[in-house]
Amino acid sequence: MDETMTETVQTAPFAPFEWMLSARYLRARRKEGFISVIAGFSFLGIMLGVATLIIVMAVMNGFRKELLDKILGLNGHILVQPLESPLTDWKDVADRISQVQGIRLAAPVVDGQALASSPWNASGVLVRGIRSDDLNNLTSIAKNIKQGSLEGFDDGQGVAIGRRLADQLSLHAGDSVTLVAPKGAVTPMGTTPRIKPYKIVAVFEIGMSEYDLGFVFMPLAEAQAYFNRSNDVTSIEVFTTNPDKVDSFRKAVTEAAGRPVFLVDWRQRNSTFFNALQVERNVMFLILTMIVLVAALNIVSGLIMLVKDKGSDIAILRTMGASQGSIMRIFLITGASIGVVGTLVGFFVGLVICLNIESIRQFLSWLTSTELFSPELYFLSKLPAEIDVGETTAVVIMALTLSFLATLYPSWRAARLDPVEALRYE
């Protein structure tokens, strides 16, 4: 064979003919249909893997954010509990803590267990005694009043209950709910339960079923009398301007208390719950990454079969002067195109589903006539989705990287193919 025919032609990387051949190989003929099927499944695998990863991560982020907002909207970021002696000086302690920079609210509370009952039903509740001004400063309650108002809360005989509790007891604002506490008056016959009716002045709905079903708010003075407190409180709930930097407030709050106290922050109170969420999130990420990895391996198998099928084409191109780099880039473009397009389509599919996740849930619930996101089980009344830009970018980069790496070995094999041997067995 003449040397001029086998002389390598130097072309610019990613020349037009390389893109043209790559596009041609992606459009398989009838006899190459099996290769086309593998490429199609690779595309679907990467698309579904990326979309699923984005959706699951967004839902878990939204789940954590919603729960955090609900929990921290009702419970203090720092719980101040007494040591050595009861908190009879709670008013002075709360006033001093309120003066600390970065403290938004210091609310003395009295907590106690009781049974809330009506003529139709009964349910165990946590009764929380709180001052009227402090309750109005809890935006998670004050801004979510569904029935009645907090104006009558100062009267001392009114309570605020959650929406789910009101539904369970078949009560509305203006009705009376009977609270039964196990420890009441001491008589010669022993301690008798304390039973007292209270008017429902407000019905709130936070959106977290556990709180909407289990909390009853009562004026602080009435709660002290109801639970036989000697002018003391159970604890002081401290709300800061930045819950994530709660450690920076601990020393200042301890000094401002001016008495022996024990501090518990929101992370310690909910550590088991949020640690379990984080572990579940990490495991789900690893499991779903396997979908993208399997799809990338499908690209490897599809390209290897394509290289074997196009052996004679590669040999002819090499004898016409195409360089090894050109051959490698042709198959790199072919394989990477599947990964890039699959990743981008998966990204947009995931984005659209995340933005309409609640509407999709409601449609599927209606279609199947089942409750797909039970508030009793998941604590929230709707399915949340919070797209994190950093996480979503990491998912897209990971999918693109795996797709590119999957094309390297088949492309290298194509570039190393000996044209003489390929033509000999053709």
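Can you give the accessible area per residue of the stretch 100-219, in Å², using a 1.4 Å probe?
45
In the stretch 199-281, carbon and sulfur make up what percent of the accessible area (probe 1.4 Å)?
For the stretch 199-281, the apolar C and S fraction of the accessible surface comes to 52 percent.
Return the lysines within reach of LYS245: Cα separation strictly under 21 angstrom, same-chain partners fewer than 8 residues apart disregarded; answer none if there are no such residues.
Hits, sequence-local ones excluded: LYS65, LYS70.
Do the alpha carbons of any pairs in LYS196/LYS251; LYS143/LYS196; LYS196/LYS382; LYS91/LYS382; LYS143/LYS183; LYS199/LYS382 sit beyond 32 Å of each other, and which pairs?
Check vs 32 Å cut-off fails for LYS196/LYS251; LYS196/LYS382; LYS91/LYS382; LYS143/LYS183.
Regarding the stretch 216-272, what are the three Cα extents along the principal axes, ordered largest first, in Å?
36, 28, 21
The values are calculated or read from the model by the stated rules, or taken from the named source; none is laboratory data. The structure presented is a predicted model; accordingly, all values stated were derived computationally and were not measured. Protein only, heavy atoms only, side chains kept; ligands, DNA and RNA dropped before computing areas. Shrake-Rupley method; radii C 1.70, N 1.55, O 1.52, S 1.80 Å.
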